[in-house]
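A quick write-up on the structure given underneath.
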Amino acid sequence: QANALTKTIYRLKKKQPNTFKVKVVTMDAEMEFSCEVKWKGKDLFDLVCRTIGLREIWFFGLRYTVKDTYAWLKPEKQVLDQDVPKDSPITFHFLAKFFPEKVEEELVQEITQHLFFLQVKKQILDEEIFCSPEASVLLASYAVQAKYGDYDPNFHKPGFLAQDELLPKRVLMQYQMTADMWEEKITAWYAEHRDTPLRTAEMEYLKIAQDLEMYGVSYFAITQNKRDTDLLLGVDAQGLHIYSPNSKLNPNKSFPWSGIRNISYSEKEFTIKPLDKKKDVFKFYSSQLRVNKLILQLCIGNHDLFMRRRKVDSIEVQQMKAQAKEEKARKKMERQILALEKQKREEAERAKEDMERRLFQLQDEARLANEALLRSEETADLLAEKAQIAEEEAKLLAHKAAEAEQERQRLEVTAMKTKEEKRLMEQKMREAEQMAVKLVEQSERRLKEADHLKQDLTEAKDAERRAKQKLLEITKTTYPLIAAYSSPSAPPEAADFAYESASTRFDFKDSDMKRLSMEIERER
């Protein structure tokens, strides 16, 4: 039976697993480990630190959730012996447990700075740390610089921050501003951080955040006496602070580590003994045992770090600072070399762009020159044709010029003749004028003569009419007598002769009158 019992116990032990699964969540990664059952908290913590390359281990711890509060994994006890969750894998959060007084002086490694930056940023966005709107915008600009690098308006178009959580909801609700307006304000500050490296931007973020009243403070609900006067206890790198329940910004009372002689804990009662014995001892109460242990851990750890800062750095810290200084100098040199290379590359790119632009310009000029050459050849042909035409026109013009010269000479001769003719014409005109004057005078004289002749003619016609009248009268009287008294033996020719004699005299008188009239007309 004893052998059977021994075999059963051995078999049960053999069935028990020798390892358990652990998931560790950092601020920017998740890791899973297979841990041995006998591992202590320190073993798991050291494994995580080695994995992420962290050497400043005194700031951090592994936190887990238990019931309605949280606790830190104790390094000296086995992991499974503590009140850790029974899940598989067991989840721990790798977080900063203690905060430095001056981040720029105490945070040496870049991984330490980065983890603090991520944790503090999350606390501000989750409103665990109160931050004014102005400081929130400035911190957001450094966070954007750390994430995106230098601002480039060609790349960082409006809306590039739409998916990023940069401001606390309280700030967003406090002002009636759109997301675009907040982005514009953040981008204005972001553009001012040009040439700021990523780690420098994160450090600038922490330097601003460490001045916030709630930075690095762990708050716990306490009572001052048995009448249950509600208060808040704040534990940070500077000391212990007592707050009113509704105010976490301005403490009613503070106990700096340098002024505390002793902190004692008995069941639910804490006692703070000042270094100055004249000051009163401060007592407060906490109802939960787990919370009391947590308060005591934070007090011990913060006080140890406070005392550590006042001492000479250990060899390890000195080595880390020397390495960090060398690393900083090396990175500074690399940044300078990178900046120089960047400058040279930009200059080369600008030179390349100038050359390309010059090449395009030369190509355009060559194209224009080629077109101009073609046009000039066409123009040359056209000019040659025009020159030929001009030569022919010149010959024609020369011929015309010769003809014009001949015409000019002819006109000159003609002008001379014309001048002589003009002189003769003027002389003739003068003679004609003189002749006209004479003719006028003669005309007037002739008119007068014509008037006289008309009178004479009128008188002659009157006389002729009277003579004819008388002749008719005589003829009428004498013709019968002649017929009666004429002898029959008289020949007919005699009568005819007498009649003809009378008619001849009559006709002679008429011809004289006609001649006289014609002479008068000619004279007129």
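The values are calculated or read from the model by the stated rules, or taken from the named source; none is laboratory data. Since this is a predicted model, take the numbers as computed values, not measurements. Cβ coordinates were reconstructed from backbone atoms using ideal geometry, including for glycine residues, and neighbour counts include every protein chain displayed. Please note that ligands, DNA and RNA were not included when accessible areas were found on the heavy atoms of the full protein model with its side chains. Shrake-Rupley method; radii C 1.70, N 1.55, O 1.52, S 1.80 Å.
Things worth noting here:
- When each of Lys23/Lys102; Lys293/Lys321; Lys207/Lys311; Lys438/Lys461; Lys67/Lys121; Lys157/Lys352 is checked by Cα-Cα distance, pairs over 28 Å: Lys23/Lys102; Lys293/Lys321; Lys438/Lys461
- For the chain, taking Cα atoms only, Rg and Dmax work out to 72.8, 244 Å respectively.
- Local net charge near Met416, Cβ-Cβ under 14 Å (Lys/Arg +1, Asp/Glu -1): +3
- Angle in degrees between helix 198-209 and the longest Cα principal axis of the chain, rounded to the nearest 10: 70
- The residues of segment 218-311 expose, per residue, 58 Å² of accessible area to a 1.4 Å probe.
- Across segment 423-435, rounded Karplus estimates of 3J(HN,Hα) from the backbone phi angles (6.51 cos²θ - 1.76 cosθ + 1.60, θ = phi - 60°) give 4, 5, 4, 4, 5, 5, 5, 5, 5, 5, 4, 4, 4 Hz, Gly and Pro being marked x.
- Beta-bridge orientation, segment 19-96: approximately 80 percent antiparallel, per DSSP, counting only bridges with both partners inside.
- Charge dipole of the chain (Cα centre as origin; +1 on each Lys and Arg Cβ, -1 on each Asp and Glu Cβ, all else neutral): 5020 debye, rounded to the nearest 20.
- Taking a ≥ b ≥ c as the square roots of the eigenvalues of the Cα gyration tensor, segment 19-96 is rounded, since a/c falls below 1.5.
- In degrees, nearest ten, helix 289-309 long axis to first principal axis of the chain (Cα): 70
- Shape parameters for segment 110-210, alpha-carbon atoms, Rg then Dmax in Å: 12.9, 38
- Partner aspartates and glutamates whose Cα lies under 17 Å from the Cα of Lys21, excluding those fewer than 8 positions away in the same chain, are identified as Glu30, Glu32, Glu36, Asp43, Asp46, Asp81, Asp83, Asp87.
- Less than 5 angstrom separates the built amide H of Leu95 from those of Gly61, Arg63, all sequence-distant by 5 or more or on a different chain.
- Net charge, Asp211 excluded, C-beta distance under 14 Å - Lys, Arg +1, Asp, Glu -1: -4
- Segment 218-311: C-alpha gyration tensor shape, a/c 1.5 cut-off, then a/b vs b/c: rounded
- Bridge type composition, the chain - antiparallel percent by DSSP, nearest 5: 90
- Against the chain, whose longest principal axis comes from its Cα atoms, helix 41-52 is set at around 30 degrees.
- For the chain, the 222 nm mean residue ellipticity estimated from helices alone, with every DSSP H stretch of n ≥ 4 adding -39500 (n - 2.57) and the total spread over all residues, rounds to -21500 deg cm²/dmol.
- Cα-centred dipole magnitude for segment 110-210, charges only on beta-carbon of K, R (+1) and D, E (-1), debye, nearest 20: 120
- Candidate lysines - alpha carbon under 17 Å from Lys476, same-chain residues fewer than 8 apart omitted: Lys468
- Surrounding net charge for Ala162, when Lys and Arg each add one and Asp and Glu each subtract one, Cβ distance under 15 Å: -2
- All aspartates and glutamates inside 17 Å of Lys448 as judged from Cα atoms, apart from same-chain residues fewer than 8 positions distant: Asp456, Glu459, Glu519, Glu521, Glu523
- In this structure segment 110-210 gives 52 Å² per residue of accessible area when probed at 1.4 Å with all protein chains present.
- What a 1.4 Å probe finds exposed on the chain is 55% carbon and sulfur by accessible area, rounded to a whole percent.
- What segment 19-96 shows is 52 Å² of accessible area per residue, with the surface traced by a 1.4 Å probe over protein heavy atoms.
- Residues whose amide H falls under 5 Å from that of Ile260, counting only those 5 or more places apart or on a different chain, are Leu275, with hydrogens built in the peptide plane.
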